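Notes follow the structure.
The values are calculated or read from the model by the stated rules, or taken from the named source; none is laboratory data. Given the structure is predicted, the values throughout are model-derived calculations rather than measurements. Cβ placement follows ideal geometry from the backbone for every residue including glycine, while neighbour counts extend to all protein chains displayed. What goes into the accessible areas is simple: the full protein's heavy atoms, side chains included, and nothing from ligands, DNA or RNA. Shrake-Rupley method; radii C 1.70, N 1.55, O 1.52, S 1.80 Å.
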Amino acid sequence: MTISRFPLRRSCLVIVLSLLPIQAMADTDMNAKMTAIADRVWQNALEKQPDLRPKAGLPVTEIPDLSYEQHIKDVAFAKSILESLKSIDVSKLSEDSHLTYDAILEDNTIAVGNEPYYWLDFSIVPYKIFRSLAFIHDTLRNHAMASDSDRQTYFTLLQEYRDLFVQHLDKIKGQADRDLLLSKEGRDSVVAMLEGTKANLHHNVMVGQTILETLPATERKAIEAKAKTYIDQEIAAVLTDLIAFLGDDYRKRAPQGVGLAYYPGGKEYYRHLVQAHTALTMSPEDIHALGLKRVAEITAAIKEKSREVGFDGTVLDFFKDIKKKPRFIDKTPADLEKRFHTYLQRIEPKISHYFAHLPKAPYDVKRLPEADEKGLTFGYYKPPTALDPCGYYVYNASHLEDKSQVTAGFLIYHELIPGHHLQIARQEESTTLHPYRKNYWSTAFIEGWAEYGSSLGYEMGMYDDPYDDIGRKIGELFLATRLVVDTGLGYYGWSLEQARQFMRDHMFQSEAEILSDSLRYSTYAGQALAYRLGLEKIWELRRKSEAALGDDFDIREFHEIVLDGGSIPLSALERRVERYIAAHAPKSQ
């Protein structure tokens with residue numbers, strides 16, 4: 001397999017120029033004070049988020065505490081950070097320190113805002129717990145066992161893994177005592193996940209044989225016996241208790257409705273989650289209206305394109321027609337990879353005209369392990385690591401005969417270049433960002449950038465073929481529909497069937513995808529808003545820059561302003577672009 005790389009790397013201009021004004025009053029002591037606060041936040045993150053520790057060269061020694069007591073401690077810590085920020089005079093900060101201030105202010109304001117909503121957060125649902133469990137399982141399977149200390153840590157982590165599910169059980173019991181129960185569909189998805197976790201316990205948490213085989217036979221057998229006993233008697237027992245608590249009696253009590261709107265205080269919590277996931281002040285009402293508007297606009301544009309390719313019928317009939325076209329069906333994973341590579345090869349010569357600083361890491365595509373394809377509808381971007389320095393779009397190749405690849409171009413530009421890989425790999429390669437910022441993840445920024453990057457294909461000539469254009473519009477329609485459905489479920493009290501019917505009436509996606517995604521929105525409120533709203537905000541800032549700078553607007557400079565600071569809240573990005581415009585816009589006479 002040929003790994004794609006950026007072309008013309010040696011000739012790329014790395015803009016480290018003064019694109020933003022350097023504060024005349026920038027104060028060394030004030031910047032040092034801001035760095036000290038960032039250090040404190042970063043150290044706390046290393047203690048609370050085990051997935052960050054390997055990036056800092058530290059072993060994973062604990063699994064997160066999800067108890068109410070820890071929730072209160074987390075809120076208290078956030079309040080203390082906000083109090084510390086009051087001593088910062090932002091007018092005396094460098095641009096980099098200003099962005100750190102903005103990110104810490106946003107994150108800890110949200111954390112304090114979480115205080116009243118612990119019991120409204122169903123943290124056990126698959127869409128919230130999946131990634132953390134995957135990390136924990138990977139950590140346990142690959143845990144070093146060379147020393148007595150390694151072995152002790154492994155068994156400590158096994159105990160904490162058990163305790164994690166005890167905490168989940170305590171929480172759902174506490175929620176039930178407050179008449180806060182998962183919807184029937186939400187409950188069913190949790191039970192299915194727990195049953196799968198229980199069935200695969202040995203595979204998930206037992207140290208791999210390749211590691212155990214390095215030990216003397218007597219030690220290996222003793223470790224295996226001890227671990228199997230604990231897994232079978234302790235961890236499996238807690239999972240059994242969890243499944244039993246969520247049994248028939250719980251399901252009978254479960255509400256018919258789905259979404260936060262059905263719970264006391266749910267609408268207020270949803271408003272909070274909108275800000276938490278987007279860093280914007282938009283109301284659910286405005287987002288819902290925007291979604292309806294965009295769905296109508298994009299649908300009309302697709303209908304116009306369908307006429308261009310000679311189709312005379314409704315948009316939904318056009319979607320059915322596309323799904324049957326042989327040119328968009330790949331027979332094998334190799335065929336699909338060839339399709340992805342063709343799109344990448346087309347865009348690569350254009351990249352240096354739009355970006356001055358590119359990541360060093362190469363990128364490519366690879367298939368998901370077949371065993372994982374049933375549980376993951378879509379693929380995902382996998383950043384480079386120390387073990388594998390290549391960034392990948394990891395794709396799902398199951399049932400290719402039933403999948404139209406008309407969206408392949410829009411998708412690969414979202415996942416790799418100019419989307420996720422260009423932004424995330426570059427952030428992770430930074431040698432100047434504070435560790436807190438280097439590992440900062442704003443969903444609305446990251447997903448908004450990936451969508452914006454994919455949309456650049458229009459001006460790069462990547463969507464000149466009408467079906468490539470339609471594929472991009474299908475992707476946009478999917479994200480616009482999310483604005484309507486997420487707010488419908490979370491704020492307006494839509495039923496799950498109402499949401500699904502809206503999706504069927506407007507989307508290209510299959511029934512299986514609609515069923516899966518609608519359940520996601522009903523149990524993971526607000527997160528799906530980040531994609532389209534992030535795209536809208538970045539385009540809004542670009543148009544504002546173009547209007548203010550006129551002929552002086554430089555697309556590569558604008559992209560540098562957006563990307564050079566790494567992932568930041570959209571509110572901070574807006575202030576950053578406004579500072580850039582103020583420093584570079586022509587002065588009126």
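Hey, quick one: spin label on Gln209, modelled 7 Å out along Cα-Cβ, who in region 140-161 has an amide N within reach, i.e. under 16 Å?
141-142
Long-range amide H contacts for Arg367: which residues qualify at under 5 Å (H placed 1.01 Å from N, peptide plane, sequence gap of 5 or more or a different chain)?
It is Tyr395, by chain and number.
Using 0.36 nm times the number of residues separating Lys320 and Ala582, minus their current alpha carbon distance, what extension gain do you get?
Separation in residues times 0.36 nm, less the Cα-Cα distance, equals 89.4 nm.
If you take the square roots of the eigenvalues of the alpha-carbon gyration tensor of region 250-310 and sort them as a ≥ b ≥ c, do you get rounded (a/c under 1.5), prolate (a/b over b/c) or oblate?
It comes out oblate by the Cα gyration axes.
If you find the alpha carbon centre of region 204-245 and of region 68-93, how far apart are they in angstrom?
Region 204-245 and region 68-93 have Cα centres spaced 41 Å from each other.
Cα atoms only: what Rg and Dmax, in Å, come out for region 331-412?
14.0, 41
What is the spin-label model distance, in nm, from Ala225 to Val112 if the labels are put 7 Å beyond Cα along the C-beta direction?
5.6 nm
Kirkwood hydrodynamic radius for region 465-537: how many Å is it when counted over pairs of different Cα atoms?
12.5 Å
So what does log10 I(q)/I(0) come out to for region 468-589 at q = 0.13, 0.16 Å⁻¹, using the Debye formula with one equal point on every Cα and no solvent?
Once normalised to I(0) and log-transformed, intensities are -0.67, -0.83.
Convert 25 °C to kelvin, take the viscosity as 0.890 mPa s, use the Kirkwood radius over C-alpha pairs of region 41-194 as Rh, and evaluate the Stokes-Einstein diffusion coefficient in µm²/s, rounded to a whole number.
Translational D for this selection: 137 µm²/s.
Which value in Å is the Kirkwood Rh of the chain over different Cα pairs?
Across the chain, the inverse of the average 1/r is 25.9 Å.
Rounded, prolate or oblate: which fits region 388-480 when a ≥ b ≥ c are the square roots of the eigenvalues of the alpha-carbon gyration tensor, with rounded for a/c under 1.5 and prolate only if a/b beats b/c?
prolate
What's the longest uninterrupted piece of the chain once you rule out the trypsin sites (Lys or Arg not before Pro) that are loop residues per DSSP with at most 16 other Cβ within 10 Å?
Result, exposed sites excluded: 375-586.
For region 293-449, what is Rg from Cα atoms divided by 2.2 N^0.38 Å, rounded to two decimals?
Against the compact-globule rule of thumb, the ratio is 1.20.
Using only alpha carbons, build the gyration tensor for region 427-473 and give me the equivalent ellipsoid semi-axes, biggest first, whole Å.
Working through the eigenvalues yields semi-axes of 32, 11, 6 Å.
If you plug each phi of region 380-388 into the Karplus form 6.51 cos²θ - 1.76 cosθ + 1.60 with θ = phi - 60°, what whole-Hz ³J(HN,Hα) values come out, in order, with x for Gly and Pro?
Once rounded to whole Hz, the list reads 7, 8, 10, x, x, 9, 5, 6, 9.
Between Asp335 and Tyr458, what length comes free when the chain is fully extended (0.36 nm per residue of separation minus the Cα-Cα distance, one decimal in nm)?
41.8 nm
Can you compute the FRET efficiency between Thr342 and Trp119 using 1/(1 + (r/R0)^6), with r the Cβ-Cβ distance and R0 = 51 Å? Round to the nearest 0.05.
Using R0 = 51 Å, I get an efficiency of 0.50.
Return the percentage of antiparallel bridges among DSSP beta bridges fully within the chain, rounded to the nearest 5 %.
45 percent
Obtain the nm distance between the two label points defined at Asn200 and Phe311 by a simple spin-label model: each point lies 7 Å from its Cα along the Cα-to-C-beta direction.
If labels sit at Asn200 and Phe311, their model points lie 3.6 nm apart.
On alpha-carbon atoms, Rg over Rh for region 295-366 using Kirkwood Rh?
1.11
From the square roots a ≥ b ≥ c of the eigenvalues of the alpha-carbon gyration tensor of region 159-232, which class results: rounded (a/c under 1.5), prolate (a/b over b/c), or oblate?
Prolate shape, in that a/c is at least 1.5 and a/b is the bigger ratio.
With every protein chain present, what is the per residue accessible area of the chain (1.4 Å probe, Å²)?
45 Å²
Distance between Cα centroids, region 378-398 to region 259-292: provide it in whole Å.
32 Å
Could you work out how much longer the chain between Arg131 and Ala386 gets when fully extended? Use 0.36 nm per residue separation minus the Cα distance between them, nm to one decimal.
Residue separation times 0.36 nm, minus the Cα-Cα distance, leaves 89.8 nm.
Could you tell me the accessible area of Trp441 in Å² (1.4 Å probe, neighbours in place), rounded to the nearest ten?
150 Å²
Could you check the spin-label model distance between Arg40 and Ala76? Points 7 Å from the Cα along Cα→Cβ, value in nm.
1.5 nm
Excluding residues on the same chain fewer than 8 positions from Lys86, give the lysines whose Cα lies under 26 Å from its Cα.
Here the lysines satisfying the reach criterion relative to Lys86 are Lys33, Lys48, Lys73, Lys438.
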